[in-house]
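What follows is a short report on a single structure.
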Amino acid sequence: MFFVIFFSLYTLLNTYVFIRGWQSLSLYPQFRIFYAILFLTAASSYIVARIFSDHLPHFVYSTLIWIGSFWFLFLFYFFLAIVLIDLILLINKIIHFLPAPVFQNPNKSKFYAGVIVLSFTILSAIFGYINRLNIEVKELNIKLNNIPEKEYRIVFFSDLHISVINNHNFLKSIVNKINLLNPDLILIGGDLVDEKSKKLRELKLADELKNLKPRFGIYSITGNHEYINGADSTVSFLEELGIKFLRDEVILIDNSFYVIGREDYSKNNFTGQKRKSLESLTQNLNNSLPKILLYHQPLNLNEAIDNSINLQLSGHTHHGQIAPANLITKLVYELSWGYKKKGNTHFYVSSGIGTWGPPVKIGNDAELILITFQF
């Protein structure tokens, strides 16, 4: 169902933007054939690459993914620009604030509007790509007692989306940055990969993870993209690299605190199986010890409060990844990004260290969270 909805919306958006772009070239009809070829190539690249991934040479597959991923950004901004232009024209019919020359030669106005939107999108793509590579370390101090007796350095990140875009070199820079932080423990909030395990293995895209060596291990949970790419095979492959997945499981760290890992919300959609309730995962734990919950999608924050979770770490939202999509995630989620304390529970939702779709971050950062956990 996910793929049907995605493909339907994607086709509708592309059709709408293509028609409006075609109309904007009425002043220069000789460019329309070139426009159509360029548009259809960009719009189909990602879909073709995913469908025929097992049959394409690596260079062809990678090239199509890069083209198609950037196209998501162009499609998004083109669509927003067209809607904004239509809204301005609608308001102008009531208020009449646009200068008369705009309507004296409407074909020229459409063409210039298209050039402006294209230029803005290209500049945004350049800025967003550079910003994506600038990984920020953000510090978070969680102090459960006024006079803490224990302290742990925990690195948390989410939504790396290892792929031919978030590739070996990108991962290597992240691993080096994490190792410099010398964490006791590494926690991962899901969506670690964005390729099937076969492709990850063939291209050695995730092998750099083996160079992470925190003294208390590396723990991850499933996100929706683990399920999209086959959760069981993905988890099996990543565990070969030293990543332990908590799939509705609890682990006691250093006999001092618990880490609880929940299966992703999408498990039922992909497998027809329900995940365990948070209550069932916590009911037999020693309540005198702190509890950290890894939960990919930051849904129903009150559930963590009701089950005496001390710290919940989530991702998934990317905080929109591309402004102004962050306005949408703010409406959907109580906490789209950042820190919040509610009741006695601390929450942090990461904007993600990697990207999905367009390899850009506009209006948010690629982030590693260094948590000083004191109790």
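Descriptive notes on the structure:
- Considered as a group, the residues in segment 54-70 that are touching a residue at least 40 places away in the same chain (Cβ under 8 Å) and assigned to a helix (DSSP H, G or I) include one that is nearest to the chain's Cα centre (by Cα), and that residue is Ser69.
- Every condition in (1) among the polar types (S, T, N, Q); (2) at pLDDT 95 or above; (3) crowded, with 17+ Cβ neighbours inside 10 Å is met by Ser109 except one, and the failing one is (2).
- Qualifying residue in segment 332-351 (condition: of a type in the set (S, T, N, Q) and more than 23 Å from Arg262 (Cα to Cα)): no
- Only a single item in (1) surrounded by fewer than 17 Cβ atoms within 10 Å (Cβ to Cβ); (2) over 18 Å from the mean Cα position of the chain (by Cα); (3) of a type in the set (D, E, K, R) is not met by Glu136, and it is number (2).
- Every listed requirement among (1) at pLDDT 95 or above; (2) in contact with a Gly (Cβ under 9 Å, 6 or more places away or on another chain); (3) not hydroxyl-bearing (Ser, Thr, Tyr) is met by Ile142 save one, (2).
- Residue in segment 82-104 that is touching a residue at least 40 places away in the same chain (Cβ under 8 Å), assigned to a helix (DSSP H, G or I) and charged (D, E, K, R) present: no
- Selection within segment 260-277 - of a type outside the set (Val, Ile, Thr) and in contact (Cβ under 8 Å) with a residue 24 or more places away in the chain: Gly261, Arg262, Glu263, Asp264, Tyr265, Ser266, Lys267, Asn269, Phe270, Arg275, Lys276
- Within segment 146-160, residues that are more than 21 Å from Leu171 (Cβ to Cβ) and assigned by TED's automatic domain parsing to the domain that holds Asp184 reach partners that are at pLDDT 95 or above and not in a loop (DSSP other than H, G, I, E, B) with beta carbons closer than 6 Å, at six or more positions or on different chains, in the pairs Pro148/Gln374; Glu151/Gln374; Tyr152/Phe373.
- Residue under evaluation Ala125, criteria (1) part of a helix (DSSP H, G or I); (2) free of Cβ contacts under 8 Å to residues at least 24 places away in the same chain; (3) farther than 25 Å from Asp207 by Cα; (4) aliphatic (A, V, I, L, M), criterion not met: (2)
- Counting residues in segment 113-129 that are modelled with pLDDT under 90 and either in contact with a Lys or Arg (Cβ under 8 Å, 6 or more places away or on another chain) or charged (D, E, K, R) (or both) gives zero.
- The selection criterion, being under 30 Å from Glu202 (Cβ atoms), in contact with a strand residue (DSSP E or B) (Cβ under 9 Å, 6 or more places away or on another chain) and among the small types (Gly, Ala, Ser), does not hold for Gly68.
- Flag: Tyr339 does not match the condition of being in a loop (DSSP other than H, G, I, E, B), surrounded by fewer than 21 Cβ atoms within 10 Å (Cβ to Cβ), of a type outside the set (Gly, Ala, Ser) and within 24 Å of the chain's Cα centre (by Cα).
- Among the candidates Leu281, Leu285, Leu252, residue that is surrounded by fewer than 18 Cβ atoms within 10 Å (Cβ to Cβ), more than 21 Å from the chain's Cα centre (by Cα), hydrophobic (A, V, I, L, M, F, W, C) and not in a strand (DSSP E or B): Leu285
- Qualifying residue in segment 160-168 (condition: crowded, with 23+ Cβ neighbours inside 10 Å and closer than 26 Å to Ile309 by Cα): yes
The values are calculated or read from the model by the stated rules, or taken from the named source; none is laboratory data. Here the structure is a predicted model, which means the values were calculated and not measured. Positions of Cβ are generated from backbone atoms using ideal geometry, with glycine treated the same way; all protein chains shown enter the neighbour counts.
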